[in-house]
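K.L.:
One structure coming up, written as structure tokens, with questions to follow.
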Amino acid sequence: MDVPLDGDEGELVVSEDIDDEACFCFVDKSDTGADKNGYDRGLDYKEPGLTFVTGIDIVSLLPPEISVFIFSLLPQPRTRGFTRAPHTYGWGLQDILTSSLVCHNWSRLSNDNAIWRRAYAQWWGEPTSPQPVLQKHWKPLFMRRIILDERWTQTSFQPPLSRLVGHEDSVYTVEYCRVARLFVSGSRDRTIRIWDSRTHACLAILGTPKGYSGADGEGHSGSVLCLKLMRLPTTKGARADAFLMVSGSSDRNICVWTFEVEREGAMSPVRASKRRRLPAAAARSPRPRGVTWRVVATLRGHADGVLDLRLVDTANGKWIVSCSKDSTIRVWNRETMKEHRVLRGHDGPVNAVGVQDTRIVSASGDGKMILWNIDSGERLRTFEGHERGLACIEFKDDTIISGSNDCKIKVWSAATGECLRTLSGHSALVRALSYDSATGRLVSASYDRTIKVWDSRFVGQIIREFKGCHTSHIFDVQFDAGQIVTTSHDRKITILDFSEDHEDLCLL
């Protein structure tokens with residue numbers, strides 16, 4: 001790490017003829033309150049005329065990498081401690097910004113890229129971008145991310161709203177991959193659609209639409225109620241992004257898909273040759289990215305509609321977790337595509353599941369949540385507190401968040417089973433939740449047709465509320481640093497975009 005240091009800083013000097021940038025203070029004995037013998041608060045006797053250094057820049061005496069590490073400890077994450085109000089961005093930054101004013105050397109140290117890389121990870125989590133993170137300039141990224149975050153809290157900023165239209169019936173579920181610039185939606189029209197999140201073009205329709213006579217048997221024969229994506233590793237220089245997807249349906253089945261989406265700017269040699277023959281204006285127009293897909297397996301075992309799904313890896317295997325209207329949770333081996341375990345304990349439909357490490361939490365219409373061990377099938381704890389059936393759940397770190405038909409959202413500790421707080425604000429069933437554990441931001445969607453943004457870590461206040469995005473019940477919600485995406489009974493997918501001029505930050 002190349003951090004220039006001044007070799008003179010930190011030396012004890014006996015002359016007033018110095019030229020040093022460090023924060024030293026030369027004090028006459030008369031300034032210290034010393035008695036006539038030169039004693040002051042236990043100091044030993046000093047020779048007459050000797051000048052003392054009362055401050056030593058120890059940091060600059062250290063090897064550069066250690067100095068940088070010390071400075072990197074200053075920007076603490078905003079979520080540490082609960083006495084400070086949220087979104088007070090000076091907290092945690094004040095120390096490092098003040099330190100940069102001490103001297104030129106400290107200014108250089110406090111601007112080191114590694115410090116701001118660490119600060120970014122503390123505040124917003126580790127970057128997930130496949131691009132090399134150390135090659136970025138992290139201080140300006142950090143400052144711009146603060147501006148982006150403030151858009152979520154400032155009512156003066158109204159995010160542009162756009163809609164994806166194409167499904168022929170209610171849209172029940174949506175998944176979002178910012179890195180690949182994709183939305184994937186599932187509908188009552190029995191299809192799954194893949195959309196380009198930048199151009200909003202529909203890239204592919206998977207499955208056979210309801211009422212279509214030319215059925216090829218691939219996909220679902222009922223409503224697509226839930227789906228989950230997992231981005232697969234690709235080789236360096238790959239021309240397409242690869243995904244594993246699972247979808248659940250009212251036809252009682254789970255379809256396991258793989259699909260590839262051509263990356264922006266990538267073009268096969270055949271398509272490139274065809275494009276060169278196009279007129280210049282047409283050649284410059286955006287071309288939809290190519291998509292290929294296939295159904296890898298169809299999992300059968302549930303006796304009623306499949307309502308929610310999760311993909312999870314543990315030390316003991318790779319799993320698909322599903323829940324159903326038949327009151328069961330099933331764990332499937334993703335490598336053999338065989339049923340591994342059935343979990344029973346609910347007295348009503350299991351509407352949602354959440355997974356964290358080796359634990360599953362299930363939420364049911366019977367008003368209970370149950371925590372399970374995914375490897376052993378052991379029932380670890382039962383949560384009760386909602387007055388009516390549960391509709392949705394989020395489980396990240398040790399935090400469980402549930403939404404219910406009692407119009408309430410509750411935040412729980414998975415370790416103790418304690419209800420930490422209750423969030424009130426919706427006037428109808430809370431249908432969907434999306435939670436970011438790094439920031440504590442929670443987004444909820446309800447049958448009352450509103451979308452609410454909460455700060456779940458501090459007293460649970462509503463940060464923003466959005467009305468008028470849909471004309472009917474909202475079924476699902478997903479969000480990241482820059483966008484909120486929702487689906488509805490009104491057949492539309494709605495996007496609220498906070499990321500104007502800051503789209504690159506959302507790709508980290």
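K.L.:
What FRET efficiency do you get for Lys338 and Ser162 if R0 is 35 Å and r is their Cβ-Cβ distance, rounded to the nearest 0.05?
P.N.:
My answer for the efficiency is 0.25.
K.L.:
OK, next. The stretch 424-508: percent of C-alpha pairs farther apart than 19 Å?
P.N.:
Of all Cα-Cα distances in the stretch 424-508, 37 percent exceed 19 Å.
K.L.:
Which of Asp347, Asp476, Asp375, Asp304 comes first, and how do the rest follow, when ranked by fewest Cβ neighbours within 10 Å?
P.N.:
Fewest to most other Cβ atoms nearby, the residues stand as Asp347, Asp304, Asp375, Asp476.
K.L.:
Skipping prolines and chain starts, which residues have an amide H placed within reach, meaning under 5 Å, of the one on Lys368, given they are 5 or more residues away or on another chain?
P.N.:
Amide H to amide H, under 5 Å and 5 or more residues apart or across chains, Lys368 pairs with Leu390.
K.L.:
Can you compute 3J(HN,Hα) from phi for each residue in the stretch 476-484, using the Karplus curve 6.51 cos²θ - 1.76 cosθ + 1.60 with θ = phi - 60°, rounded to whole Hz and x for Gly and Pro?
P.N.:
For the stretch 476-484, the Karplus-derived couplings read 8, 8, 9, 8, 9, 5, x, 9, 10 Hz, x marking Gly and Pro.
K.L.:
Let me ask you something else. What's the extension gain from Arg421 to Glu150 if we count 0.36 nm per residue and subtract their Cα-Cα distance?
P.N.:
95.1 nm
K.L.:
Continuing with this model, one more query. Could you give me the percent of Cα pairs per 5 Å distance bin for the stretch 351-473, shortest bin first, beginning at zero and ending with the bin that holds the maximum distance?
P.N.:
For the stretch 351-473, the pair-distance distribution reads 2, 12, 23, 25, 20, 11, 5, 2, 0, 0.
K.L.:
Now for a separate question. Work from the charge dipole of the stretch 394-508 (Cβ charges, +1 for Lys and Arg, -1 for Asp and Glu, about the Cα centre) and give the residue of Ser499, Leu442, Val430 farthest towards its positive end.
P.N.:
After comparing all options, I get Val430.
K.L.:
Starting from 0.36 nm per residue, how many nanometres of slack lie between Ala303 and Ala315 once their C-alpha separation is accounted for?
P.N.:
Gain on extension, Ala303 to Ala315, equals 1.4 nm.
K.L.:
If you place +1 on the Cβ of every Lys and Arg and -1 on the Cβ of every Asp and Glu, how big does the dipole about the Cα centre of the stretch 363-503 come out, in debye to the nearest 20?
P.N.:
Computed about the Cα centre, the dipole is about 500 debye.
K.L.:
Can you put Leu164, Leu442 in order, fewest other beta carbons within 10 Å first?
P.N.:
Least to most surrounded, the residues fall as Leu164, Leu442.
K.L.:
Say R0 is 45 Å: what FRET efficiency, to the nearest 0.05, do Arg294 and Leu62 get from their beta-carbon distance?
P.N.:
Efficiency, from the Cβ-Cβ distance: 0.20.
K.L.:
When a/c reaches 1.5 or more, the comparison of a/b and b/c decides; with that in mind, is the stretch 418-465 rounded, prolate or oblate per its Cα gyration tensor?
P.N.:
prolate
K.L.:
Scan around Arg421 for amide H atoms under 5 Å from its own, H built in the peptide plane at 1.01 Å from N, and keep only partners 5 or more places away or cross-chain.
P.N.:
Distant-sequence amide H within range of Arg421: Val411.
K.L.:
Same structure again: If every alpha-carbon in the stretch 159-201 counts as one equal scatterer, what log10 I(q)/I(0) does Debye give at q = 0.17, 0.20, 0.23, 0.31 1/Å?
P.N.:
-0.46, -0.62, -0.80, -1.17
K.L.:
Something else now. Counting other Cβ atoms within 10 Å, which trypsin sites (Lys or Arg not before Pro) in the stretch 382-476 have at most 16 and lie in a DSSP loop?
P.N.:
Arg388
K.L.:
Please work out how much length the chain gains when fully extended from Asn373 to Leu101, using 0.36 nm per residue of separation minus the C-alpha to C-alpha distance, in nm with one decimal.
P.N.:
Value of the extension gain: 92.7 nm.
K.L.:
Amide H neighbours of Ser446 under 5 Å, counting only residues 5+ apart in sequence or on other chains, H built in-plane at 1.01 Å?
P.N.:
Arg431, Ile474
K.L.:
Give me Val342, Val295, Val312 ranked fewest to most by other Cβ atoms within 10 Å of their Cβ, as a rough exposure proxy.
P.N.:
Val342, Val295, Val312
A short reminder: the numbers here are calculations on the coordinates, not readings from a lab. Quick caveat: nothing in here was measured; it's all calculated off a predicted structure. Please note: Cβ atoms are built from the backbone with ideal geometry, for glycine as well, and neighbour counts cover all protein chains shown.
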